[in-house]
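Note sheet for the following structure.
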Amino acid sequence: MVQAGSQVPESEHDDHSAQSDGEQQELFVEDASCASCVTKIETALGSVPGVQRAEMNLAQRTVLVAGSASAIKLIDAVENIGYHARSMENTSDNDVLAEREKADQVYYQRLIRNTVVALGLGIPLMVYGLFIGEMTVSTTTERIAWLVVGLLTLAVMVFSGKHFYVGGWKSVRTHTANMDTLIALGTGTAWTYSMVVVFFPGLLPEMARHVYFEATTMIIGLINLGLALEVKARGRTSEAIRRLIGLQTKTARVVRDNKEIDVAIEDVTPGDVVRIRPGDKIPVDGVIVEGHTAMDESMLTGEPMPVEKEVGDSVATGTLNKTGSFLFKTTRVGKDTALAQIISMVKHAQNSKPPIGRLADVISAYFVPLIMIISVTSGLLWLNFGPAPTIAFAVVSATTVLIIACPCALGLATPMSVMVGVGKAAEAGVLIRNGEVLQTASSITVMVLDKTGTITLGAPKVTEIVLAAADNEDEILGLAASLESGSEHPLALAILESAEERGINTSVVEHFNAIAGHGIEGVVEDKHLYFGNEKLMRDKGIEIDAFTDRAQNLASEAKTPMYLAADGKLAGIVAVADPIKEDSIAAIKRLKNLGLRVIMLTGDNRATAAAVAEKVGVSEFFAEVLPQDKTNHIAALQMENEVVGMTGDGINDAPALAMANVGFAIGTGTDVAIESADVTLMRGSLHGLADAIAVSKATLTNVKQNLLGAFIYNAAGVPVAAGVLYPFFGILLSPVIAGAAMAFSSLTVVMNANRLRFFKAQEH
């Protein structure tokens, strides 16, 4: 069913307005680092009396809190769960970004330093254990040597792994479990057990006198490296907001006391009169009070066609004045402008994007308590029913269970697959920002497409020439291009480019005159030409009745017809439009074959939207949609439990790209759109969407295989470590076998992840 207009269901408006109720405050949280941190912080703030909702943007480390609670109570709630927060009241967006970037840079450098220190000890230990000697304790010399190594490992744990242990302790305090818990538990137990071996080897059976210092340091080093790469990847998220802020001019030319003076944008007030010249950006919102012009409003609407403006028409911040000079009276300044609202929408969309828990964290939440139960149960069984020395066997069994569960393969399972999957996607011209996107893209149910620049080329082109009195198309195009060579009108470029592509040389234009709102006139090759709309032809007495139906048909096909008259007679019609990309129809069909529901959103008029939708085979579309309407449509689909992908290329698409479960930006589009999105399609083709989804499905399957393999290793190793085979075969888990199994498990993960390199997306 075809849908048009920018209306949104009432329930959606109600929900949106409900979310906007109450005072909003923003906090900056310095040490939030993962998805589980977000959950803890939002939960803690949500429990504060007076808080209606709390939404955290992990990329910016900011939390938007709605409600009546004071900033002091909010900060206390965050600090009570072990984080540091401060209010961002009276802090500019630029200052917030600068502060976050500084904090991220410090955090990244610390993680790299932690990685170098941990692997600097771990790699030599691993090489020693694999190729040089056994990591066992038998002699006094070995005890002294391993004591030194143990103390060095403790230093690494404090220096490089402190945040894991702090995070593990926080999870214990909040009665949750995550990867931090597993890392802290596994590495802490491995080190403690190894030190017991060093100090009291006689208390343990000979086969259990093995140290695990290399496992402790390698795990800490590798996971620090993974976190560092993640911080680097997510650091670009704030670029969308930075680029939007960059659209705001720093000064405005204000008319005061009959003088034009440049003042700082902060000093412009509602009611000021501002002068705009050709090429200027609009500094604040307002209404034209003198003059006329053609405006590039693609920032707001996404549409490439210029918009004629005259006295009484509104202008918006960040839009570009193409031609005339004019005066306008300011109506909205500061955070009330259209551009400021787009920035706010992008930030809100990033905050409110549905959180996606990491698979490893989700599994750890169940796995950690289970391992602890098995460990305690094993120790108690050995203590009550085992052979002498019962305490020694109980300690060995309980600690070996915890050691064998340490997340070596688990820590590699997801990043290895994601690394290969992201690389594979890049080969297809699809740049993916982070691993979570791969997980989400595989479950997209609705793909929302912007029209201009996404389905279409995004730039006006000459698509048709209708002959009247002229002999051929080149004659019409040559005259029009010659006349337009003296014009500043935005459509002139399309005509000049078309003439150049056909190898048509332009002639000198004389007596050029721009007729505001109607067209242009001039003399070319001794011919008096008029070029413009129907009103211009009527005013100049040009007979066009025989061609008005043809012009109206062109208009109904989303084309702009322009009449060319020579020496008082109609010579022909030049039609300019934003043409559909060559592969859009095939790509949209491919998306449908993947089972996706395809919807088109556009700021263009209904007639143009309907014509494009029909050509590309999209049955659902919404026309005349502004940026806030696009986010409302995305939110409405998400309320229907749809997993939404949004594809766009313009500044006006940025809030919707951030709001969607996965935002896809056309690589030929604006920097703001690219920075707001999760995925960039470098080829500018919609086929990249299907490629991205296919790669994401393959990657997620691979991740699940790796996690399954890692847990099969644990599932097999834990019971043996607990001693289930001892009563029947007298077998306890040998540290040598455990080490070999650990290595084999990690090798299996790496090999399976590399199978993705041979994956090929379905041909177009």
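The values are calculated or read from the model by the stated rules, or taken from the named source; none is laboratory data. The structure displayed is predicted, hence computed values, not measured ones. Don't worry about glycine lacking a Cβ; one is built from the backbone with ideal geometry, like all the others, and counts go over all protein chains shown. To get the accessible areas, we keep the full protein, side chains included, count just its heavy atoms, and leave off ligands, DNA and RNA. Shrake-Rupley method; radii C 1.70, N 1.55, O 1.52, S 1.80 Å.
Key figures
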item: Straight-distance crosslink candidates among lysines, where the alpha carbon sits under 18 Å from Lys162 and sequence neighbours closer than 8 are dropped; result: Lys170
item: Cut-off under 5 Å, modelled amide H: who pairs with Asp313 long-range; result: Ile288
item: Most to least packed among 597-609, 526-538 [average Cβ atoms within 10 Å]; result: 597-609, 526-538
item: Under Karplus coefficients 6.51, -1.76 and 1.60, residue-wise ³J(HN,Hα) of segment 605-610 in Hz, glycine/proline x; result: 6, 5, 5, 5, 4, 4
item: Per-residue ³J(HN,Hα) for segment 158-168, Karplus 6.51 cos²θ - 1.76 cosθ + 1.60, θ = phi - 60°, Hz, x for Gly and Pro; result: 6, 6, 9, x, 3, 5, 5, 6, 5, x, x
item: Ordering of 255-261, 585-591 by packing [mean C-beta count within 10 Å, highest first]; result: 585-591, 255-261
item: Met751 accessible area, 1.4 Å probe, all protein chains in place, Å² to nearest 10; result: 120 Å²
item: Solvent exposure ordering (accessible area, 1.4 Å, most first) of Arg253, Arg61; result: Arg253, Arg61
item: Prolate/oblate/rounded label for segment 519-566 (Cα gyration tensor, a/c 1.5); result: prolate
item: Shape of segment 531-685, Cα gyration tensor, a/c cut at 1.5; result: prolate
item: Reach of Lys451 by Cα under 26 Å, taken over lysines that are not fewer than 8 positions away in the same chain; result: Lys281, Lys309, Lys322, Lys347, Lys353, Lys461, Lys559, Lys581, Lys589, Lys592, Lys615, Lys630
item: Sorted peptide list for 715-726, 319-330, criterion being average Cβ within 10 angstrom, highest first; result: 319-330, 715-726
item: Size of charge dipole - segment 110-197 - debye, nearest 20, with Cβ of Lys, Arg +1 and Asp, Glu -1, no other charges; result: 400 debye
item: Integer Hz, Karplus 6.51/-1.76/1.60 couplings in order for segment 132-148, x for Gly and Pro; result: 10, x, 8, 9, 10, 10, 10, 9, 4, 4, 5, 4, 5, 4, 6, 5, 4
